[in-house]
1. As an exercise, use a Förster radius of 25 Å and the Cβ-Cβ distance of Thr79 and Val44 to find the FRET efficiency, rounded to the nearest 0.05.
2. Using the basic label-point model (7 angstrom from Cα toward the beta carbon), what is the Glu86 to Tyr293 distance in nanometres?
3. If each residue's Cβ is checked for other Cβ atoms within 10 Å, how do Arg204, Arg96 rank with the fewest at the top?
4. Could you compute the FRET efficiency for Glu207 and Asp454, with r as their C-beta to C-beta distance and R0 at 45 Å, rounded to 0.05?
5. Please arrange His93, His133 by how many other C-beta atoms lie within 10 Å of their C-beta, fewest to most.
6. So for the chain, taking the charge dipole from beta-carbon charges (+1 Lys/Arg, -1 Asp/Glu), which of Pro325, Val44, Thr313 sits furthest toward the positive end?
7. Taking amide H atoms as placed 1.01 Å from N in the peptide plane, list the residues 5 or more away in sequence, or in a different chain, whose amide H sits under 5 Å from that of Ile393.
8. Which percent, to the nearest 5, of DSSP beta bridges fully inside the chain are antiparallel?
Amino acid sequence: MRVSRRALIFGAGAAGVATALPLRRSYAEAAAKEYRIAAKPATVNLTGKGDPDTAVWAYGGTVPGPELRVRQGQPVRITVVNNLGEDTTVHWHGIRLQNAMDGVPGLTQKPIRLGESFVYEFTPPDAGTFWYHPHADTLQQLGRGLAGALIVEEPELVAVDRDLVWFIEDWRLDDQGRIAGGFGNHMEAGMSGRIGNTVTINGRVPEAVLVKAGERVRLRIVNAALARIVGLRFEGHKPVVVAHDGQPCDPHSPEGGRVVLGPAMRADLILDMTGTPGETYRVTDDLYNDLAYKLVDLAYDTGKPIREPLSDTPPKLPANLVPEPDLAAAERHDIVLQGGMMGGMGMMGDGSMMRGGMMRGMGMLGGDGATWAMNGMSMTGDGHPKMPPLFTIKRGNSCVLAVRNDTAWWHPMHLHGHSFRIVSRNGKPNPRKEWRDTVLVPPRESADLAFVADQPGDWMFHCHVTDHQEAGMMSLIRIA
Ligand code: C2O
Ligand code: CU
């Protein structure tokens, strides 16, 4: 007789109130996991029944692409087939892997041409929430739907009733449901980037997520938007952050009660369903305060709670073995973010910011449509052969990247192939020193990022607001 996972998780189920949470996986050590994914045009419905479908580019024909799930330390082999009308590559965002598998066209691999394929092979060293996306013509390929979640499971089951992924994407649709053109618009690139008008969770504008009173849910949120930063509030609930960007942290309430995620950033939350059966509670995004909207409802079924409310603090996830940087011995490198329009903040679209705006420091930024720079250097696009490094770090050394944002805009800065500790912000020690792979740096602020340069190769360090990256806020760090 087979016992379904669901039955296992809910124990006695409807018959009574379960007490314990499951703790151990039942299956044996897994062999290498294989996937084959084609990047291709597809048609999906993003906004719901009765609305027109949208032509997208999609991994495996779905939005988001197939959820890849492997276990920590389990080798994975992913064959990516290109059925798009242009070259592509795939970047495994946040995975600490070998440079040759990093997916940067011209730099770590040749782009995958139409009809061709590339085999990515790596063994994820860290358990956590990661994602994958193209690193070629990224603005358009990501903006048209190419992205998916990559979940690396802990060897021991984490004690929750359900493991949910919310893969957030932001689309700019016209009134016929088509993806609006105008990717790479200059004015936008110099401001907030391409923020859309339609936010989806797991490929749909969501209405409600059904929950049961008493459940403990692990909610993995991925912000896969091109440019939109989200700030999520859970009405009537107390989310506890247990990981940032796939790396466990001390469980804590989000600052100001709001989970803020810039593009490419992830958070793992433990959400105890402490609401009342039959009620609904709103999850809102109020990052851009006058443009707050309801993202989704948590809708409780009417059944009685599945257990007495859990009173314990959610458990700390087992730490990943990320090498610890030696701050005293670290090489320090200053990185100044420059360019863009003056007087930032807010969304694009009404043109009002143009009046006060002027390009900052444009004199020193080269041609090529570059609007942004790092240390006076503008690299545009998605990566290319012979890109000069911003600097070189000796392999094995500890390193501090001292990032200062001299612009009027927010920048989620991502380092490929490594996780770093945020050791300080604005010159003050950061008590939590959390690990991340993407750090959101507000206007005129700074952050010091520490890591061990243990992986040789050429690694991108760029803004993950895709317009900013493509318009010059991209660089390369060489580890040799
Ligand atoms: Cu997720 Cu170079 O990026
Ligand atoms: Cu940016």
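1. Taking R0 as 25 Å, the efficiency between Thr79 and Val44 is 0.65.
2. 2.5 nm
3. Ordered from fewest to most neighbouring Cβ atoms within 10 Å, Arg204, Arg96 come out as Arg204, Arg96.
4. Calculated transfer efficiency: 0.50.
5. So the ranking, lowest neighbour count to highest, is His133, His93.
6. Thr313
7. Close amide H contacts, sequence-distant or interchain: Arg478, Ile479, Ala480.
8. If we restrict to bridges inside the chain, about 70 percent are antiparallel.
Read the figures in this text as sums done on the coordinates, not as results from a lab. Just so we're clear, the structure is a prediction, and the values are computed from it rather than from any experiment. Virtual Cβ from ideal backbone geometry, glycine too; neighbours counted across all protein chains shown.
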